[in-house]
Amino acid sequence: MYEQLYSRIQQCSTIAVTSHFRPDGDAIGSTLALGLALQALGKKVYMWNEDGVPARYAFLGGAELIQPLPDAVPADVEMLICVDTGDWKRLGDRTQQLLADFPLIVNIDHHGTNTRYGHLHVIEPETAACAYVLFNMLKAWGVKLTKPMADALYVGISTDTGSFQYGSTTPEVMHAAGELLAAGVDVADVNRRVYQEVPYTSLLMQREVLNHMVVEAVGQLAHYSMPAGRKAELGVTLEDTKDLVDVVRVLQGVKVAVIFEDLEDGRIRMSLRSKDPSISVATIAAQFGGGGHAMASGIRMRGELAACREQVLNAIRKELAV
Ligand SMILES: [Mn+2]
């Protein structure tokens, strides 16, 4: 697949790269690493994200190249590449609109639930990160990794593996990380910037979760629900609500953790995490139109917070069989 994509790329002179809304480290790292590599291959490259680059990733070399969405795809773009996006809907409303009807869309991803949208696919399900897929791809293409590319790939792999804590961290992933370090990644500096410069409002949000979390099913299920208006009362940003599920996930004995968030637009956002390999939260999410990975998934549902929560919790309680 790498060679097939490479030969299609060789036929193009202008390529756009984009990823999902509310981008995480893998979305930004993958967009940037691939964009910079395509530039190194002599291509004119556009990099877009409809929600921009989160502050904690702005230090990455070339991050400023990731631009807001244009109103229309520039006429010179011959190929559009979507990275780290398992589902067409995850691209976001405006990106979907922009890309609809584009004749050559490439889907590079690592989600087990990838719906295979687009015209060309490089999907390696349940591998550590899209950035890890790209690491192997760029190597196969003979691209020499610059420090900005290595930093971007490292951030993608590190954030998607929970700093090399999840089961997706294979020997090959560790070897890849080693090669990225050899290519110039300053591990202490990157980790401080990504993990140890948390805004005060983010800690406020975490305190709120600890104050109001619910633990049930003999300690195996922990969840927190954010009602409408609470974010504004606390003064927290959208970015502060990211990875909140980790606050409850770490509790001893918990097998499944969930955060329910009233998005105040008639929809409820849910982040699900499993700590038990025999319980796939991707399967649970799929019952409600969501998706993701076995150990980390998400759902967006229309309806009232309490009603949506009860449906999803019931599905989880069934899995926990208590
Ligand atoms: Mn990813």
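Of all DSSP-defined beta bridges confined to the chain, some 45% are antiparallel rather than parallel. Assuming charge only on the beta carbon of Lys and Arg (+1) and of Asp and Glu (-1), the dipole of the chain about its Cα centre is about 320 debye to the nearest 20. Placing unit charges on the Cβ atoms only, positive for Lys and Arg and negative for Asp and Glu, gives the stretch 200-320 a dipole magnitude near 300 debye about its Cα centre.
Rounding to the nearest 10 and keeping the result within 0 to 90°, find how far the Cα-based axis of helix 305-320 lies from the longest principal axis of the chain. Taking Cα atoms only, the helix is inclined about 90 degrees. Using the Kirkwood formula on the Cα atoms of the stretch 141-219, what hydrodynamic radius do you get, in angstrom to one decimal? The answer is 15.0 Å. Residue pairs exceeding 19 angstrom between C-alpha atoms, taken from Lys231/Lys275; Lys147/Lys242; Lys255/Lys318: Lys231/Lys275; Lys147/Lys242. Can you send over the carbon and sulfur percentage of the accessible area for the stretch 200-320, probe radius 1.4 Å, protein chains only? So the carbon and sulfur contribution to the accessible surface is 53 percent. Rolling a 1.4 angstrom probe over the stretch 34-91 with all protein chains present gives an accessible area of which 52% lies on carbon and sulfur atoms.
For Met47, the residues whose amide H sits under 5 Å from its own are Val17, Gln67, ignoring neighbours fewer than 5 places away on the same chain, with H placed 1.01 Å from N. The antiparallel fraction among DSSP beta bridges confined to the stretch 196-277 stands at about 60%.
Rounded to the nearest Hz, the phi-derived 3J(HN,Hα) couplings of the stretch 114-119 under the Karplus curve 6.51 cos²θ - 1.76 cosθ + 1.60 (θ = phi - 60°) are 4, 8, 6, 5, x, 10, where x marks glycine and proline. Between Gln97 and Ala183, the modelled labels are 3.6 nm apart [label points 7 Å from Cα along Cα→Cβ]. Per residue, the accessible area of the chain comes to 43 Å², computed with a 1.4 Å probe over protein heavy atoms only. Report, in whole Å, the centroid distance computed from the Cα atoms of the stretch 284-322 and the stretch 135-185. Their Cα centres are 32 Å away from one another. Annotation for Gln311 and Leu203: the two label points, set 7 Å from Cα along the Cα-Cβ direction, are 3.9 nm apart. Semi-axes of the equivalent ellipsoid of the stretch 38-126 are 20, 17, 15 Å, computed as sqrt(5λ) over the eigenvalues of the C-alpha gyration tensor in descending order. The calculated 222 nm mean residue ellipticity attributable to helices in the chain amounts to -11500 deg cm²/dmol, summing -39500 (n - 2.57) over DSSP H runs of n ≥ 4 and dividing by all residues. Which of rounded, prolate, oblate describes the stretch 201-297, given a ≥ b ≥ c as roots of the alpha-carbon gyration tensor eigenvalues and a/c under 1.5 marking rounded, otherwise prolate only if a/b is larger than b/c? Oblate shape, in that a/c is at least 1.5 and b/c is the bigger or equal ratio. Here the stretch 2-195 yields Rg over Rh of 0.93, to two decimals, using C-alpha coordinates and the Kirkwood radius.
Solvent exposure of Thr170, expressed as accessible area, is near 50 Å², computed with a probe of 1.4 Å over the protein chains only.
Our coupling estimate for the stretch 187-198, obtained by passing each phi through the Karplus curve with A = 6.51, B = -1.76, C = 1.60 and θ = phi - 60°, is 4, 5, 5, 4, 5, 4, 5, 7, 10, 10, 10, 7 Hz, Gly and Pro reported as x. What is the spin-label model distance, in nm, from Glu233 to Asn136 if the labels are put 7 Å beyond Cα along the C-beta direction? Result for the modelled spin labels: 4.8 nm. Sorting 284-294, 123-133, 152-162, 137-147 by average packing, meaning the other beta carbons within 10 Å per residue, from highest down gives 152-162, 123-133, 284-294, 137-147.
The values are calculated or read from the model by the stated rules, or taken from the named source; none is laboratory data. None of the values given here were measured: they were computed from a predicted structure. With ideal geometry, Cβ positions are generated from the backbone for all residues, glycine too; neighbour counts draw on all protein chains shown. Please note that ligands, DNA and RNA were not included when accessible areas were found on the heavy atoms of the full protein model with its side chains. Shrake-Rupley method; radii C 1.70, N 1.55, O 1.52, S 1.80 Å.
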